[in-house]
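Colleague: Mind having a look at this structure? Questions to follow.
The values are calculated or read from the model by the stated rules, or taken from the named source; none is laboratory data. None of the values given here were measured: they were computed from a predicted structure. Don't worry about glycine lacking a Cβ; one is built from the backbone with ideal geometry, like all the others, and counts go over all protein chains shown. When the accessible area is computed, the model is the full protein with side chains, heavy atoms only, and any ligands, DNA or RNA have been set aside. Shrake-Rupley method; radii C 1.70, N 1.55, O 1.52, S 1.80 Å.
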Amino acid sequence: MGQGFGKDYEQGEGVNTTSNPFIHEVDGGRRHVLRCTTAAVALLMGSHTLTAHATTAAKGKPLGFTGVPASSADALVVPPEYDAQVLYRWGDVTGMAGSAAPAFSADASNSWQEQLLQSGMHHDGMEFFPLDKNPRHGLLAINHEYTDDGLLHSDGMKTWTADKVRKSQAAHGVSVIEVVERAGVWRVMPNSRYARRITGNTPMLFSGPAAGHALLKTSADPAGLRPLGTLNNCAAGQTPWGTFLTCEENWNGYFSAQDKPNPDEARYGLRAKGFGYRWHEFDERFDAAKHPNEPHRFGWVVEIDPQDPTQTPIKRTALGRIKHEGATTTLSRDGRAVVYMGDDERFEYIYKFVSRDKVRPGGYRANQDILDHGTLYVARFDEQGYGRWLPLVHGEGGLDAAGGFASQAEVLIRCRQAADVVGATRMDRPEWVAVHPNTGEVFVTLTNNSSRGKDGRLADAANPRNDNIMGHIIRWREGKGRQDSAVSRIDGDASATEFRWMHFALAGDPNAGKAEYRGTIKGDMYGSPDGLQFDAGGLLWIQTDISTSVMHMGAYQGMGNNMMLCADPATGETKRFLTGPAGCEITGVSFTPDRRAVFINIQHPGETASERGDPAQPKAVSHWPDGPSGGRPRSATVVIRRKDGGVVGT
């Protein structure tokens, strides 16, 4: 996901300077560092094969579509037996009942008031919620991660005004739209009683252990209970009780901090002038020097009920404050909610939350506080394929007043520092998490980390390559890996505090000049894996986020544009399903319950290497999806279906 605007704003080395030991420093069995050669990669892949992993999965499923080649074309390319339909573009009307329906202005001259009624920019994580169990009629909740102000305004940032700040804030957040399919064509419903836009200025609530804490209080909200807005909404999740979890990722970039940030600000990457959004010039709450607690009000998982447009979104503090990439929810064996989350930055951590209470029937009303009570854990990956979940609980593991944490609220607000203290494993940019619908296995994408191997931060078993520009995918099974005869499967209880892990794939190009860039993929090559989702049949869908600063260059020269692939987790077979237009990221994936349609997002088509467009030449890189006659490239939601109406991917 977006890290900022070009090298001037890139969080190059990461902000985790803790002295936490790496895996090879913890495990006495293999203290040496494995240098990344082909032989070392083979050793790492085979050193802890999880027999339980393989045997509980299906024997393998053929990937029933025609794979597409890598492409650098400015087009969305899908298999010939599929159709792709653009459904909801930046600037399209959201369809709120009783509201105006302003058309998109190709020259980006729409006002901020009009933007409030239109689709936001840079679509990202997304979930489909069927209405009345109808797979062809439902709601889409769609994240809008960030804005390219070079394209959002007619003259870009040549002039800068309060109205431009308001428009940028209005283009962030979430859309909830009502969609229906008729005769094979999907459309966004107008005048929908469900449709709404949630933005950077939408009133919200805090709940959970940190709500009302002094660190969340501001002059505008002295009670510390009513934050304003949600930002940099990246990946997402759907709960078993029917709500949408949207995740605040690189929120730090919107704040201008003091020239020398304090240690807590530095740990979260705050800096003077942020990523260059310049909101602080006209919205004082984004000046952290004047309002030092305002940054504490971002970095949370936000729960939204898509079926109730009057519901106030809630920031669930029990899930911790990090740069949340996603919130994938499953159930423990005894029916409690388990939420997996990645912190998307170099050398950051993987988390999970286990609720105190069981999920109750009755939807959101019956489970309104289930995410407020429970235990937050952070992962430690040990050698030989073992791992442990370390509790982030006040009074345990050094998380006490003597360690700088006066309460559980402070553990959650300073979640990264708490994870540092307990000794979590520093990972290569943890992103999306997916849970196999049949086996309960958990998969996570580690997008890349070119800083691995520098300054003593060497490769280890879980992150086995220095200069890891390609990324990898790890899988694990919860529990100790013992046969549980009571349920006739191998542990797999999501609430377990131990796990067994292995690599699913090291991404790369098999023809790359360096061994560490070649990877171990069984099938079509890819790099920088990001989006990750299982369909109900157990096929794994992988989406990539190759940065435009490296796309088509160096080791990425032959890989083409970003793509989505399908993999069989039982065999590792991987096939490319689609490629995106120039300059885009492929992200957001959600299936209808019958798997006859899949929704995906094309984010930032036409993005330049600096991540900010030139308003004088808005179509310099791409003119997707509106073609040469369009005014500028537009992020969009796309729906894909088989021409014969069959199940996608089979």
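Colleague: Might you let me know whether segment 147-158 holds any residue that is crowded, with 20+ Cβ neighbours inside 10 Å, within 23 Å of Pro190 (Cα to Cα) and not hydrophobic (A, V, I, L, M, F, W, C)?
Modeller: Looking for residues that are crowded, with 20+ Cβ neighbours inside 10 Å, within 23 Å of Pro190 (Cα to Cα) and not hydrophobic (A, V, I, L, M, F, W, C), one finds none in segment 147-158, hence no.
Matching residues to (1) open to solvent by 50 Å² or more (accessible area, probe 1.4 Å); (2) of a type in the set (Val, Ile, Thr); (3) part of a loop (DSSP other than H, G, I, E, B):
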site: Pro62; (1), (2), (3): yes, no, yes
site: Phe65; (1), (2), (3): no, no, yes
site: Gly91; (1), (2), (3): no, no, yes
site: Ala100; (1), (2), (3): yes, no, yes
site: Gln113; (1), (2), (3): yes, no, no
site: Asp124; (1), (2), (3): no, no, no
site: Glu127; (1), (2), (3): no, no, no
site: Arg136; (1), (2), (3): yes, no, no
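Colleague: For segment 422-467, which residues satisfy the criterion of being charged (D, E, K, R) and assigned to a loop (DSSP other than H, G, I, E, B)?
Modeller: Selection gives Arg426, Arg429, Glu441, Arg452, Lys454, Asp455, Arg457, Asp460, Arg465, Asp467.
Colleague: Being at pLDDT below 95 and either under 24 Å from Ser71 (Cβ atoms) or open to solvent by 30 Å² or more (accessible area, probe 1.4 Å) (or both) is true for just one of Ser528, Ser485. Which residue is that? Let's see the steps before the verdict.
Modeller: Values: Ser528 fails: at pLDDT below 95.
Going through Ser528, Ser485 in turn, the sole match is Ser485.
Colleague: Working only within segment 568-611, note down all residues that are at negative phi and either modelled with pLDDT under 95 or aliphatic (A, V, I, L, M) (or both).
Modeller: Ala570, Leu578, Ala582, Ile586, Val589, Ala597, Val598, Ile600, Ile602, Ala609, Ser610
Colleague: Within the set of pairs 6+ apart or on separate chains, which have a first residue in segment 637-650 that is over 30 Å from Val93 (Cα atoms), a second that is open to solvent by 30 Å² or more (accessible area, probe 1.4 Å) and modelled with pLDDT under 95, and C-beta atoms under 7 Å apart?
Modeller: Partner pairs satisfying both residue conditions: Gly649/Gly64; Thr650/Gly64.
Colleague: Just to be sure, is Arg166 at pLDDT 95 or above, open to solvent by 20 Å² or more (accessible area, probe 1.4 Å) and within 19 Å of Gln118 (Cβ to Cβ)? Outline the logic, then answer.
Modeller: On the way: at pLDDT 95 or above: yes; open to solvent by 20 Å² or more (accessible area, probe 1.4 Å): yes; within 19 Å of Gln118 (Cβ to Cβ): yes.
Judged against the criteria, Arg166 is a match.
Colleague: Which one of the conditions (1) open to solvent by 30 Å² or more (accessible area, probe 1.4 Å); (2) free of Cβ contacts under 8 Å to residues at least 40 places away in the same chain; (3) in contact with an Asp or Glu (Cβ under 7 Å, 6 or more places away or on another chain) does Glu478 fail to meet, given that it meets all the rest?
Modeller: (1)
Colleague: Working carefully through the options Ser207, Ser175, find the one that is surrounded by 24 or more Cβ atoms within 10 Å (Cβ to Cβ), closer than 28 Å to Val433 by Cα, at pLDDT 95 or above and under 26 Å from the mean Cα position of the chain (by Cα).
Modeller: Among Ser207, Ser175, only Ser175 is surrounded by 24 or more Cβ atoms within 10 Å (Cβ to Cβ), closer than 28 Å to Val433 by Cα, at pLDDT 95 or above and under 26 Å from the mean Cα position of the chain (by Cα).
Colleague: Quick one: count up the residues across segment 583-595 that are of a type outside the set (S, T, N, Q) and in contact with a Pro (Cβ under 7 Å, 6 or more places away or on another chain).
Modeller: Final tally of qualifying residues: 4.
Colleague: What's the total number of residues in segment 345-400 that are in a strand (DSSP E or B), within 30 Å of Ile469 (Cβ to Cβ) and open to solvent by less than 40 Å² (accessible area, probe 1.4 Å)?
Modeller: Of the residues in that region, 13 qualify.
Colleague: Could I ask something else about it? Which one of these does Pro628 not meet: (1) part of a strand (DSSP E or B); (2) free of Cβ contacts under 8 Å to residues at least 60 places away in the same chain?
Modeller: Unmet for Pro628, out of (1) part of a strand (DSSP E or B); (2) free of Cβ contacts under 8 Å to residues at least 60 places away in the same chain: (1).
Colleague: If you go through segment 544-557, how many residues are part of a loop (DSSP other than H, G, I, E, B) and crowded, with 18+ Cβ neighbours inside 10 Å?
Modeller: Residues that pass the stated criteria total 6.
Colleague: Condition first: in contact with a Gly (Cβ under 8 Å, 6 or more places away or on another chain) and crowded, with 21+ Cβ neighbours inside 10 Å. Now tell me which residues in segment 214-228 satisfy that.
Modeller: Within segment 214-228, just Leu216 meets the criteria.
Colleague: Quick one: how many residues across segment 287-316 are more than 14 Å from Thr230 (Cβ to Cβ) and in contact with a Ser or Thr (Cβ under 8 Å, 6 or more places away or on another chain)?
Modeller: 7
Colleague: Okay, moving on. Just the residues that are open to solvent by 10 Å² or more (accessible area, probe 1.4 Å) and either in a strand (DSSP E or B) or among the polar types (S, T, N, Q) (or both), please, taken from segment 558-573.
Modeller: Across segment 558-573, the qualifying residues are Thr571, Glu573.
Colleague: Just checking, does segment 450-472 include any residue being buried (at least 20 other Cβ atoms within 10 Å of the Cβ), small (Gly, Ala, Ser) and closer than 25 Å to Asp491 by Cα?
Modeller: Yes, segment 450-472 has at least one match.
Colleague: Can you tell me which residues in segment 529-543 are acidic (Asp, Glu) and assigned to a strand (DSSP E or B)?
Modeller: Of everything in segment 529-543, just one residue is acidic (Asp, Glu) and assigned to a strand (DSSP E or B), namely Asp530.
Colleague: Which of (1) crowded, with 18+ Cβ neighbours inside 10 Å; (2) touching a residue at least 60 places away in the same chain (Cβ under 8 Å); (3) in contact with a helix residue (DSSP H, G or I) (Cβ under 9 Å, 6 or more places away or on another chain) does Ala515 not meet, given it meets every other one?
Modeller: In the conditions (1) crowded, with 18+ Cβ neighbours inside 10 Å; (2) touching a residue at least 60 places away in the same chain (Cβ under 8 Å); (3) in contact with a helix residue (DSSP H, G or I) (Cβ under 9 Å, 6 or more places away or on another chain), Ala515 misses (1) alone.
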